[in-house]
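The values are calculated or read from the model by the stated rules, or taken from the named source; none is laboratory data. Just so it is clear, the structure is predicted and the values come from calculations on it, not from any experiment. Because the Cβ atoms are built from the backbone with ideal geometry, glycine has one as well, and the counts that use them run over all protein chains shown.
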Amino acid sequence: MSKLTNEEIWQQFCEGIDCAQVVVRYFADDLGVDEEFITKVSSPFTGGMYKGSTCGAVTGAYIVLGIKYGHSKPNQGEKKAELVKKMYEFDTKFQEKQNTLICEEILGRNLTTDMEKIQEENTMQKKCPQAVNGAIDILEEILR
């Protein structure tokens with residue numbers, strides 16, 4: 001896979017593809033999942049689920065980890081434990097890069113009340129592509 005530039009990520013944002021979606025689409029082929037389907041599945045998770053909570057790049061990463069390591073049947077405790085371990089590993093590394101897992105903390109503004117300021121100051125353009133690229137880098141390392 002060729003690495004996405006921050007400009008390519010921003011272009012996807014401008015086309016309506018959001019942070020969680022960019023992350024899952026990046027890994028769709030490697031995971032053997034349909035890109036359109038996974039893009040739809042991940043659509044509610046952008047912008048901290050549109051509420052500024054957990055960053056969409058993080059939730060997109062969790063979806064990728066779930067596809068790769070998740071359990072799907074009862075009594076698969078070992079698989080579940082492996083997934084949780086990978087999620088904690090991701091969280092630790094993402095926090096090292098971003099200092100948080102929370103969308104509003106990355107942006108430094110409240111998505112609900114400060115959207116006008118966020119847009120005026122190009123806050124998303126400045127911060128979100130880096131968060132997405134950070135998530136992709138960490139996932140590439142974990143999935144190796």
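So, in segment 68-95, how many residues would count as being more than 12 Å from A135 (Cβ to Cβ), of a type outside the set (K, R), assigned to a helix (DSSP H, G or I) and free of Cβ contacts under 8 Å to residues at least 40 places away in the same chain?
To start, the set of residues in segment 68-95 that are more than 12 Å from A135 (Cβ to Cβ) comprises 68-89, 92.
This time we only want the ones that are of a type outside the set (K, R), so: 69-72, 74-78, 81-84, 87-89, 92.
Within this subset, residues satisfying the condition of being assigned to a helix (DSSP H, G or I) are 69, 77-78, 81-84, 87-89, 92.
Now narrow it down to the ones that are free of Cβ contacts under 8 Å to residues at least 40 places away in the same chain: 69, 77-78, 81-84, 87-88, 92.
Of the residues in segment 68-95, 10 are more than 12 Å from A135 (Cβ to Cβ), of a type outside the set (K, R), assigned to a helix (DSSP H, G or I) and free of Cβ contacts under 8 Å to residues at least 40 places away in the same chain.
So, V41, is that one modelled with pLDDT of 95 or more and over 18 Å from K86 (Cβ atoms) or not?
Considered against the rule, which asks whether it is modelled with pLDDT of 95 or more and over 18 Å from K86 (Cβ atoms), V41 comes out as yes.
Look through G48, G60 and report the one residue that is part of a helix (DSSP H, G or I), in contact (Cβ under 8 Å) with a residue 60 or more places away in the chain and touching a strand residue (DSSP E or B) at 6+ places or on another chain (Cβ under 9 Å). Lay out the reasoning, then the answer.
Details: G60 fails: touching a strand residue (DSSP E or B) at 6+ places or on another chain (Cβ under 9 Å).
It is G48.
So which residues in segment 122-144 are at pLDDT below 95 and acidic (D, E), if there are any at all?
Those that are at pLDDT below 95 and acidic (D, E): none in segment 122-144.
Every residue in segment 109-128 that is under 20 Å from Q11 (Cβ atoms) and touching a residue at least 40 places away in the same chain (Cβ under 8 Å), please. Lay out the reasoning, then the answer.
First, pick out the residues of segment 109-128 that are under 20 Å from Q11 (Cβ atoms): 118-119, 121-128.
Across segment 109-128, the qualifying residues are M124, Q125, C128.
Which of the residues belonging to segment 2-21 are within 14 Å of V132 (Cα to Cα) and either touching a strand residue (DSSP E or B) at 6+ places or on another chain (Cβ under 7 Å) or in a loop (DSSP other than H, G, I, E, B) (or both)? Full working, then the answer.
Step one: list which residues in segment 2-21 are within 14 Å of V132 (Cα to Cα), which gives 3-13, 17-21.
Listed by number, the residues that qualify are K3, L4, T5, I17, D18.
Any idea how many residues of segment 109-135 are crowded, with 17+ Cβ neighbours inside 10 Å and more than 17 Å from A20 (Cα to Cα)?
4
Here is a yes/no grid of residues against (1) β-branched (V, I, T); (2) over 13 Å from the mean Cα position of the chain (by Cα); (3) under 19 Å from L143 (Cβ atoms):
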{"residue": "G16", "(1), (2), (3)": "no, yes, no"}
{"residue": "C19", "(1), (2), (3)": "no, no, yes"}
{"residue": "R25", "(1), (2), (3)": "no, no, yes"}
{"residue": "D30", "(1), (2), (3)": "no, yes, yes"}
{"residue": "F37", "(1), (2), (3)": "no, yes, no"}
{"residue": "G60", "(1), (2), (3)": "no, no, yes"}
{"residue": "I67", "(1), (2), (3)": "yes, yes, yes"}
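Which of the numbered conditions does S53 fail, given that it passes all the others? Conditions: (1) modelled with pLDDT under 95; (2) loosely packed, with under 14 Cβ neighbours inside 10 Å.
(2)
How many residues are assigned to a loop (DSSP other than H, G, I, E, B) and either over 15 Å from G47 (Cα atoms) or touching an Asp or Glu at 6+ places or on another chain (Cβ under 8 Å) (or both) if we restrict to segment 109-135?
Let us first name the residues in segment 109-135 that are assigned to a loop (DSSP other than H, G, I, E, B), namely 109-114, 121-122.
Cutting the leftovers down to either over 15 Å from G47 (Cα atoms) or touching an Asp or Glu at 6+ places or on another chain (Cβ under 8 Å) (or both) gives us 110-111, 121.
Total satisfying the criteria: 3.
I need the full set of residues from segment 22-36 which are part of a helix (DSSP H, G or I) and free of Cβ contacts under 8 Å to residues at least 60 places away in the same chain, in order please. I'd like the intermediate steps shown before the answer.
So the first thing to find is which residues in segment 22-36 are part of a helix (DSSP H, G or I), and the list is 22-31, 35-36.
V24, R25, A28, D29, L31, E35, E36 - these are the residues of segment 22-36 that are part of a helix (DSSP H, G or I) and free of Cβ contacts under 8 Å to residues at least 60 places away in the same chain.
Would you mind finding the one in I17, I9 that is among the β-branched types (V, I, T) and free of Cβ contacts under 8 Å to residues at least 40 places away in the same chain? Steps first, answer last, please.
Working: I9 fails: free of Cβ contacts under 8 Å to residues at least 40 places away in the same chain.
Within the list I17, I9, the selection yields I17.
Tell me the residue from I106, I142, I138 that is touching a residue at least 40 places away in the same chain (Cβ under 8 Å), within 21 Å of G16 (Cβ to Cβ) and part of a helix (DSSP H, G or I), please.
Working: I142 fails: within 21 Å of G16 (Cβ to Cβ); I138 fails: within 21 Å of G16 (Cβ to Cβ).
It is I106.
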